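Below is one structure, written out as structure tokens; comments come after it.
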Amino acid sequence: RAKADGRNCARFFDPSMQDAADRRAAFEAAMRDGLSLGQFRLYCQPQFDSLGRVVGAEVLVRWQRGDRELIGPDQFIGFAEESGLILPLGEHILRESCRALARWHLDANLGRLKLAVNVSVHQMRDPRFPAAVANILGGTGAPPERLYLELTESVFAEDMQEITGRMHELCSQGIRFSLDDFGTGYSSLAYLKRFPLSALKIDRSFVRDIGVDAGAASIVEAIIALARKFKLEIVAEGVEFEAQRAFLFDGGCSSMQGFLLGRPMPIADFEHAYGTAGIGHA
Ligand code: C2E
Ligand code: MG
Ligand code: MG
Ligand code: MG
């Protein structure tokens, strides 16, 4: 009888929907396997001060799915958020990032760098997140003051009190927050006052158009001025051309990242490139 019902239902079920559901289930299973197999790898993109000295790095996750081509975060972060996998994935990324910070602490060059980790709004919504972070910091021995969590403006569409409360809990552990892709989302200048932020990241769409349209250049200058008023650090992202770097330098932008200056690379390569020789790597 149940079987007959099942068959009945199937008649009204669009087979293409079944395909899509199967594909999602398979993708989710592959991601779970990938997590337990350690296929989610940390890449690091260097960040530089206006004089070109490396001052930090941003962690950017990639999925090395077996022998396949490397998969970028735009291909799986959204899915991870919908499926809830973002919580274990985010925790993995944070733990590996903190392990790196703890290693770096022992190296004269790397020990001075800050490390920025992207955090999803879903992680910020989780009441257990601050305790999980405290756990990771304690377990790895990472210096919390080197860790920056990057949030996008989408967190400000959430319950303000809940999010600010959680940010304060994390800040009390010594961690700092950056606002990523600034100027592209739910921008309200009120947020700059209400949330405990330490840095603004100028979205790469504005940097891209610096030489192309005067409006973008003005926006970049305005964001730098705003950051200065609010005593926030500023990081420009997506610097690809010398003219963009020069414009940002002249405008007093204190730090930047982009393909012109350094590409995202496996964390071991980053340590090799920017550390003193001899930092051990298993
Ligand atoms: P994002 O945080 O704004 O990261 C910057 C993105 O710009 C990265 O793309 C980086 O590779 C790329 N990029 C850096 N410099 C340049 C440049 O000069 N030109 C151009 N065209 N692009 C540049 P990626 O690695 O594909 O990451 C895309 C987004 O995925 C990130 O944007 C971030 O929102 C998200 N993401 C990456 N890693 C994580 C993670 O560990 N957790 C979470 N929740 N999200 C992540
Ligand atoms: Mg980011
Ligand atoms: Mg960004
Ligand atoms: Mg982005």
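The values are calculated or read from the model by the stated rules, or taken from the named source; none is laboratory data. Worth saying up front: this structure is predicted, and the values here are computed from it rather than measured. Here the Cβ positions follow ideal geometry from the backbone for every residue, glycine too, while neighbour counts run over all protein chains shown. All accessible areas refer to the heavy atoms of the entire protein, side chains included, with ligands and DNA or RNA removed. Shrake-Rupley method; radii C 1.70, N 1.55, O 1.52, S 1.80 Å.
Per residue, the chain reaches -14000 deg cm²/dmol at 222 nm when only DSSP H runs of four or more residues are counted, each adding -39500 (n - 2.57). Considering only beta bridges that DSSP places wholly inside the chain, some 40 percent are antiparallel. Rounded to the nearest 20 debye, the dipole magnitude of the chain is 600 debye, with +1 charges on Lys and Arg beta carbons, -1 on Asp and Glu beta carbons, and the Cα centre as origin. Qualifying chymotrypsin sites (Phe, Trp or Tyr not before Pro) in the stretch 29-88, where qualification requires a DSSP coil assignment and no more than 14 other C-beta atoms within 10 Å, are lacking entirely.
Residues in the stretch 140-282 average 48 Å² of solvent-accessible surface per residue, probe 1.4 Å, ligands and nucleic acids excluded.
Here the accessible area of the stretch 1-130 is 51 percent carbon and sulfur, with a 1.4 angstrom probe and all protein chains present. Axis angle, to the nearest 10 degrees, between helix 15-36 and the longest C-alpha principal axis of the chain: 50 degrees.
Length available on full extension from D213 to A273: 0.36 nm per residue minus the Cα-Cα distance, which gives 18.1 nm.
For the chain, the longest principal axis of the Cα atoms and the long axis of helix 160-171 meet at an angle of about 60 degrees.
Expressed as an acute angle from 0 to 90° and rounded to the nearest 10, what is the orientation of the C-alpha long axis of helix 2-12 relative to the principal long axis of the chain? In the chain, helix 2-12 runs at an angle near 60 degrees to the longest axis.
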